[in-house]
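A short worksheet on the structure shown next.
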Amino acid sequence: MNKNIERVNSIMNNGTETNEFIKMMTMPDDEFKKVYDVFKENMEEAFDTKEYREQVINLMKNYPSGNIDGELAAMEDAIKDFTTSINEDEELSKEKKDVLSLVINKSFSSLSKIMENPRNMVKVKVQRLKDSIKLPTYAHPTDAGADIAAAETVTIEPNSTTLVPTGLKFAIPKGYEISIRPRSGLSLNTPLRIANSPATIDAQYRGEVKIIMTNTGDKPYTINEGDRIAQAIINPVPMIEWEEVSILDSTDRNDKGFGSTG
């Protein structure tokens with residue numbers, strides 16, 4: 001087998017996908033040209049999948065955290081040398097060189113993004129009720145919550161509570177919930193509070209998400225369309241299996257009551 005094909009193979013998994021990759025890359029060049037376009041497209045998508053992200057995150061758990069910037073810089077230098085080696089390989093056709101270069105550069109690009117933000121992804125379908133509505137967005141890649149904006153201008157009277165529409169509907173996967181929480185800046189700098197914080201959106205709910213906002217001040221407060229008013233966090237929600245017993249085991253706190261630790 002060609003040495004560069006072997007090296008790229010070592011970057012990928014040792015599963016079915018890798019075996020298929022080797023099979024394709026060792027095809028005669030004239031046969032490879034016939035499947036080149038489809039195969040290249042599949043390789044472009046292979047490193048953007050949820051499965052690939054989860055696999056890398058699981059592997060990262062086995063290694064101590066270090067200097068990510070330094071590690072990525074070293075990897076980038078190695079990738080450049082590797083790409084040069086592929087381009088100079090006289091055994092490989094142009095199409096095979098393209099695929100090998102694509103795989104190593106795409107894998108590095110995806111890997112660097114995951115290393116900088118090693119979090120699993122949960123896909124949530126979202127419907128906007130009008131085109132001007134903003135989708136929830138993370139201000140920074142490592143933020144826990146995605147900011148949600150108001151869909152229209154709403155004025156809340158003093159010491160009053162009002163529903164503020166977001167213009168969004170979610171289809172949350174079963175086994176998850178989205179909790180709606182305050183934005184710290186809004187809580188610190190304004191009299192606005194989310195009355196039922198943290199609010200829960202269940203997987204079965206398909207209606208428009210509206211934020212229950214309270215104005216704790218003594219003057220009317222206007223929320224303008226597009227203002228960020230809350231943040232959404234997705235959480236897994238296992239079910240509780242209640243196991244009834246005649247008596248519970250003791251702890252240091254026992255029956256001392258709420259607030260017993262001070």
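The values are calculated or read from the model by the stated rules, or taken from the named source; none is laboratory data. If you're wondering where the values come from, they're calculated on a predicted model, not measured in any experiment. Reconstructed Cβ throughout: ideal geometry from the backbone, glycine too, with neighbour counts over all protein chains shown.
Could you check the range 136-161 and list, in sequence order, the residues that are over 30 Å from the mean Cα position of the chain (by Cα) and surrounded by 18 or more Cβ atoms within 10 Å (Cβ to Cβ)? Result: VAL154, ILE156. Looking only at the range 157-176, decide whether some residue is assigned to a loop (DSSP other than H, G, I, E, B), of a type in the set (Ser, Thr, Tyr) and more than 30 Å from MET121 (Cα to Cα). No, the range 157-176 has no match at all. Take the range 185-230 and flag every residue that is more than 21 Å from ARG128 (Cβ to Cβ), touching a residue at least 60 places away in the same chain (Cβ under 8 Å) and not in a loop (DSSP other than H, G, I, E, B). If the condition is that a residue be more than 21 Å from ARG128 (Cβ to Cβ), touching a residue at least 60 places away in the same chain (Cβ under 8 Å) and not in a loop (DSSP other than H, G, I, E, B), then TYR221, THR222 are the ones that fit.
Is there a residue being part of a strand (DSSP E or B), of a type outside the set (Asp, Glu) and over 28 Å from MET25 (Cα atoms) anywhere in the range 114-123?
no
Among residues of the range 53-79 being of a type outside the set (A, V, I, L, M, F, W, C) and modelled with pLDDT of 80 or more, the one that is nearest to the chain's Cα centre (by Cα) is GLU76. For the range 30-59, a tally of residues being among the hydroxyl-bearing types (Ser, Thr, Tyr) and surrounded by 17 or more Cβ atoms within 10 Å (Cβ to Cβ) returns 2.
Among all residues of the range 12-32, there is at least one that is hydrophobic (A, V, I, L, M, F, W, C) and either at pLDDT below 75 or not assigned by TED's automatic domain parsing to the domain that holds ILE104 (or both).
Could you check how many residues of the range 86-99 are touching a residue at least 12 places away in the same chain (Cβ under 8 Å) and either out of contact with any Phe, Trp or Tyr (no Cβ under 9 Å at 6 or more places or on another chain) or surrounded by fewer than 11 Cβ atoms within 10 Å (Cβ to Cβ) (or both)? The qualifying residues number 5.
Look at (1) more than 23 Å from ALA139 (Cβ to Cβ); (2) surrounded by fewer than 14 Cβ atoms within 10 Å (Cβ to Cβ) and you find that THR214 fails only one, number (2).
Screening THR153, THR142 for residues that are assigned by TED's automatic domain parsing to the domain that holds GLU225 and out of contact with any strand residue (DSSP E or B) (no Cβ under 9 Å at 6 or more places or on another chain) leaves exactly one candidate, THR142.
Is it the case that ILE133 is assigned to a strand (DSSP E or B), over 16 Å from the mean Cα position of the chain (by Cα), buried (at least 19 other Cβ atoms within 10 Å of the Cβ) and assigned by TED's automatic domain parsing to the domain that holds ASP218? No; evaluated as a whole, the condition is false for this residue.
Cβ-Cβ contacts under 6 Å between residues 6 or more apart (or on different chains), taken from a first residue in the range 115-129 that is over 17 Å from ILE178 (Cβ atoms) to a second residue that is among the hydroxyl-bearing types (Ser, Thr, Tyr), are listed as ASN117/THR142.
For the subset of the range 118-130 comprising residues that are within 22 Å of THR49 (Cα to Cα) and surrounded by 13 or more Cβ atoms within 10 Å (Cβ to Cβ), which member is farthest from the chain's Cα centre (by Cα)?
VAL126
Taken together, ALA139, ALA151 contain a single residue that is hydrophobic (A, V, I, L, M, F, W, C), touching a Gly at 6+ places or on another chain (Cβ under 6 Å) and outside any helix (DSSP H, G or I), which is ALA151.
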